[in-house]
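**Student:** So that we are looking at the same thing, I have put the structure below in structure tokens.
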Amino acid sequence: MANTKKILSRNEIPREETWAIEDLFASDALWLKAYEEIQDELKGYETFRDKLNESADMLLACLSYNDKVEEKLEKIYVYARQKLDEDTTNSTYQDFAGKAQAVANKLNGAAAFIMPEILAMEEQRLRSFLASDNGISHYSYAIELINRKRNHTLSSQIEKLLAETREISEAPSQIFSTFNNADIQFPEITDEDGSKVRLTQGRYITFLESPKREVRQEAFEAMLGTYNKYKNTLAGTFSNNIKQASFYARTRNYSSTRDFYLSDSNVPESVYDNLIKTVHNNLHLLHRYVSLRKKFLGLKELHMYDLYVPMVSGVEQKINFEDAKTMVIEGLSPLGQNYLDVLKEGFNKRWIDIRENTGKRTGAYSWGAYGTHPYVLLNYQDNLSNVFTLAHEMGHALHSYFSDKCQSYTYAGYKIFVAEVASTCNEALLIQDLLGKTTENKKKAFLINDFLEKFRGTLFRQTMFAEFEMLTHRLSEQGETLTAEKLCSLYHELNTKYFGPDLVIDPAISIEWARIPHFYTPFYVYQYATGFSAAIALSDRILKEGEPAVKEYLKFLSGGGSMDPIALLKLAGINMEERTPIEHALKVFENLLDQIEQLNC
């Protein structure tokens, strides 16, 4: 019988390989004390209800109180969730997490009056409050964000009615989530060893990476063939999610659903258009990559199921966690000593929960609460992919660290539009460092292929998703019925356009839109492509310009949510209102293509 590595229980993991959760609360007893205290603090909101219009002092007192309570709740919530993530079977922390969610819901209800009361004020009176010298100017930007919704906020009766419709409007998303995570069942396929195994969502990409082509093809056809059986139901669910989004956009006087969803981060629609246009202008680069992939794999025909398998194989190496930390430190050295000191502090002071254990949440993330250091959850495996995961999550962690250090609680949190910039920048710097140190052609080609795949999967593929989303919302708003046939035809056409003549666009790919969960959060996916572009442009600038670029980058990391995302990126010398960052990233992609073509593998 094969020797299988045992997965340890939580109490068997060495303390030095666990995160310092005690830095949030030293004990469960102290957490329970804070939980009881916040119940009483929620009652304090009644002091301010219906009184914000009275004076600048009253408005300041309310906003300050809200910050204090939310900051306390954040610690309560993060501790409970992270303790549960250590072992999701632990009933104590299941209870803690439930209590934390319940009190978060109570806080949302208790503070719900703040935004409507601010918007009910006459603008002139509100501005006179902000001109006071009592310290309320600290909240000028926060109030500006609320005030932007003035023309999109309706009467109190209609707002109450709209609030009551939210649960109904979430039905398409909830139905899809239940179907996609619980109800849909996939058939068995034959794995590399000739054994019959059940295809699952989690195993799908692993099968697509298989060196055996018949495994890739069978997984691809089984996965998408299963979705195709439900195409009419899924088209109806997808279409109705667009309709509910369109309803709220129209009701709130936005010109379109895209305008509605981009307004939250004050991102101009031209940013979205520039992304698609710039990628369109450079699709020849993706076509070139597809041709190279066909050549490297030695295939007469390259199919959709051949896109994930590594073009270069047999060079994977075993990398323990200590070596991974060293690789990340060396790779991020261009960011300067200040950045490296914080990075090492994270490594040495137990910011990271390193190992897999029974019941532990899968995957990886960075999280934390204001006033304490960030945390990173890993399930580290000894391979290069996990080294990049470490660099990625520490990018998030240090972004949060610098934001928390330099901003008050009010402005420490940053928007999704910029959230992936720091993490992807770290990955880009690391891979450039590894490429510079690698002399063996096959290893270098392996690294370049990995980097090229990040471009394909993020910059090109997410832009294609963004275009599909834009077109389907536009068709719906024009009164078109989004049938399964129409959606499949549109998706097939986009794949043909993006991937070019050297890829066989298999009929099965036409239904792939039906398995993308992010489409149920409208106009979200484009941010992966813009964030990736900004990060690649930033990493290239840091490597070429050195200290001046690093100083500007650290200003960006320290900005938190104190400005609109577009303005924050301008601090680092990146203007996403122009096509330049996307074009810069695509030049890096082109250079990587040049390099891999020249290698004799």
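Every number in this text was worked out from the coordinates using simple rules, so none of it is lab data. Keep in mind that this is a model prediction, so the values were computed, not measured. Cβ: placed from backbone, ideal geometry, glycine included. Neighbour counts: every protein chain shown.
**Student:** Between Glu322 and Ile7, take the C-beta separation as r, use R0 = 22 Å, and let me know the FRET efficiency to the nearest 0.05. Working shown, then result.
**Tutor:** On the way: r = 21 Å, r/R0 = 0.95.
About 0.55, to the nearest 0.05.
**Student:** Here's something else I'd like to know. Run the Debye formula on the Cα coordinates of the stretch 269-412, all scatterers equal and no solvent, and tell me log10 I(q)/I(0) at q = 0.12 1/Å.
**Tutor:** Cα-only, vacuum Debye calculation for the stretch 269-412: -0.76.
**Student:** While we're on this one: Dipole of the stretch 194-289 (Lys/Arg Cβ +1, Asp/Glu Cβ -1, origin at the Cα centre): which of Ser195, Phe238, Leu286 lies farthest to the positive side?
**Tutor:** Value computed over the given set: Ser195.
**Student:** Would you calculate the convex hull of the Cα atoms in the stretch 11-55 and tell me its volume per residue in Å³? Display every interim value, and only then the final one.
**Tutor:** On the way: hull volume 5.2 nm³, N = 45.
In the stretch 11-55, the Cα hull volume divided by residue count equals 116 Å³.
**Student:** Further question on the same structure: When the Debye formula is applied to the Cα atoms of the stretch 77-210, each taken as the same point scatterer, what base-10 log of I(q)/I(0) results at q = 0.11 Å⁻¹?
**Tutor:** Rounded to two decimals, the profile gives -0.78.
**Student:** May I pose another question? Mean residue ellipticity at 222 nm from the helices of the chain, using -39,500 (n - 2.57) per DSSP H segment of n ≥ 4 over the full residue count, to the nearest 500 deg cm²/dmol?
**Tutor:** Values: 27 runs with 367 residues, N = 601.
Helices in the chain give a 222 nm mean residue ellipticity of -19500 deg cm²/dmol.
**Student:** Among Leu335, Ile118, Ala100, pick out the residue whose Cα is farthest towards the positive end of the charge dipole of the chain, where Lys and Arg carry +1 and Asp and Glu carry -1 on C-beta, about the Cα centre.
**Tutor:** Of the candidates, Leu335 comes out farthest on the positive side.
**Student:** Roughly how big is the chain's charge dipole about its Cα centre, with Cβ charges of +1 (Lys, Arg) and -1 (Asp, Glu), in debye to the nearest 20?
**Tutor:** Numbers: 68 positive and 83 negative charges, 158 e Å.
Magnitude of the dipole: close to 760 debye.
**Student:** Do any trypsin sites (Lys or Arg not before Pro) in the stretch 268-326 lie in a DSSP loop with no more than 13 other beta carbon atoms within 10 Å, and if so, which? Working shown, then result.
**Tutor:** Working: sites: Lys277, Arg288, Arg293, Lys294, Lys295, Lys300, Lys318, Lys325; in loops: Lys300, Lys318.
Taking the stretch 268-326 and a limit of 13 other Cβ atoms within 10 Å, the loop trypsin sites (Lys or Arg not before Pro) found are Lys300, Lys318.
**Student:** Can you classify the stretch 38-103 as rounded, prolate or oblate using the Cα gyration tensor, where a ≥ b ≥ c are the square roots of its eigenvalues, rounded means a/c under 1.5, and otherwise it's prolate if a/b beats b/c and oblate if not?
**Tutor:** Numbers: a/c = 5.34, a/b = 3.15, b/c = 1.70.
Since a/c reaches 1.5 and a/b is larger than b/c, the shape of the stretch 38-103 is classed as prolate.
**Student:** Still on this structure, please answer the following. With +1 assigned to the C-beta of every Lys and Arg and -1 to the C-beta of every Asp and Glu, and no other charges, what is the dipole magnitude of the stretch 149-305 about the Cα centre in debye, to the nearest 20?
**Tutor:** Numbers: 22 positive and 18 negative charges, 103 e Å.
That gives a dipole near 500 debye.
**Student:** Still on this structure, please answer the following. By how many nm would the segment from Ser313 to Leu145 grow when fully extended, if each residue of separation counts as 0.36 nm and the alpha-carbon distance is taken off?
**Tutor:** Values: separation 168, 0.36 × 168 = 60.48 nm, distance 5.04 nm.
Roughly 55.4 nm would be gained on extension.
**Student:** In angstroms, what radius of gyration and Dmax does the stretch 455-601 have, counting Cα atoms only?
**Tutor:** Every Cα atom of the stretch 455-601 included, Rg and Dmax give 18.5, 55 Å.
**Student:** Cα-Cα over 26 Å: which of Lys443/Lys497; Lys295/Lys454; Lys51/Lys106; Lys415/Lys570? Provide the component values of the computation, followed by the final result.
**Tutor:** Details: Lys443/Lys497 32 Å; Lys295/Lys454 19 Å; Lys51/Lys106 20 Å; Lys415/Lys570 15 Å.
Pairs exceeding the cut-off: Lys443/Lys497.
**Student:** Tell me whether the stretch 378-536 comes out rounded, prolate or oblate; compute the Cα gyration tensor, take square roots of the eigenvalues as a ≥ b ≥ c, and use a/c under 1.5 as the rounded threshold. All intermediate terms of the calculation are to be shown ahead of the outcome.
**Tutor:** Numbers: a/c = 2.79, a/b = 1.34, b/c = 2.08.
It is oblate, given that a/c is not under 1.5 and a/b is not larger than b/c.
**Student:** May I pose another question? Exactly which GluC sites (Glu not before Pro) in the stretch 25-128 are in a DSSP loop and have at most 15 other Cβ atoms within 10 Å?
**Tutor:** Numbers: sites: Glu36, Glu37, Glu41, Glu46, Glu54, Glu70, Glu71, Glu74, Glu86, Glu117, Glu122, Glu123; in loops: Glu54, Glu122.
Those that pass, being in a loop and sparsely packed, are Glu54, Glu122.
**Student:** Which one of His518, Tyr365, Ala567 has its Cα pushed farthest toward the positive end of the charge dipole of the chain, where Lys and Arg give +1 and Asp and Glu give -1 at the Cβ?
**Tutor:** Among His518, Tyr365, Ala567, the one farthest towards the positive end of the dipole of the chain is His518.
**Student:** What FRET efficiency would be calculated for the residue pair Ser195, Gln595, taking the C-beta separation as r and a Förster radius of 35 Å, to the nearest 0.05? Walk me through the numbers on the way to the answer.
**Tutor:** Details: r = 39 Å, r/R0 = 1.12.
Using R0 = 35 Å, I get an efficiency of 0.35.
**Student:** Using only alpha carbons, build the gyration tensor for the stretch 339-438 and give me the equivalent ellipsoid semi-axes, biggest first, whole Å. Could you put the intermediate results ahead of the total?
**Tutor:** Working: eigenvalues 100, 65, 31 Å².
Largest first, the stretch 339-438 gives 22, 18, 12 Å.
**Student:** Separate question: Evaluate the distance, in nm, between pseudo-label points positioned 7 Å from the Cα of Cys406 and of Glu209 along their respective Cα→Cβ axes.
**Tutor:** The two pseudo-label positions are separated by 3.5 nm.
**Student:** In 5 Å bins starting at zero, report the fraction of Cα pairs in the stretch 333-388 per bin as a rounded %.
**Tutor:** Distribution as computed: 4, 15, 21, 25, 21, 9, 3, 1 percent.
**Student:** Pull out a ≥ b ≥ c, the square roots of the eigenvalues of the alpha-carbon gyration tensor of the stretch 10-153, then state rounded if a/c is under 1.5, prolate if not and a/b is larger than b/c, and oblate in the remaining case.
**Tutor:** Numbers: a/c = 2.76, a/b = 2.57, b/c = 1.08.
Prolate.
**Student:** Okay, moving on. Counting DSSP beta bridges with both partners in the chain, what percentage is antiparallel, nearest 5?
**Tutor:** Antiparallel bridges make up about 60 percent of those DSSP assigns within the chain.
**Student:** Additional query: Scaled to the compact-protein estimate 2.2 N^0.38 Å, what is the alpha-carbon radius of gyration of the stretch 226-334, rounded to two decimal places? Please report the intermediate quantities before stating the final value.
**Tutor:** Numbers: Rg = 22.4 Å, N = 109, 2.2 N^0.38 = 13.1 Å.
Rg over 2.2 N^0.38 Å, computed on Cα atoms: 1.71.
**Student:** Taking the Cβ of Phe296 as the center, what net charge do the other residues with Cβ under 11 Å away carry, scoring Lys and Arg +1 and Asp and Glu -1?
**Tutor:** +1
**Student:** Any idea what the dipole of the stretch 10-153 comes to, in debye rounded to 20, about its Cα centre with Lys/Arg Cβ at +1 and Asp/Glu Cβ at -1? Intermediate results must be reported in sequence, preceding the final value.
**Tutor:** Working: 18 positive and 27 negative charges, 115 e Å.
For the stretch 10-153, the charge dipole is close to 560 debye.
**Student:** Beyond 48 Å, what share of the Cα-Cα pairs of the chain is found? Please give it as a whole percent.
**Tutor:** Numbers: 24098 of 180300 pairs.
That tail contains 13 percent of the Cα-Cα pairs.
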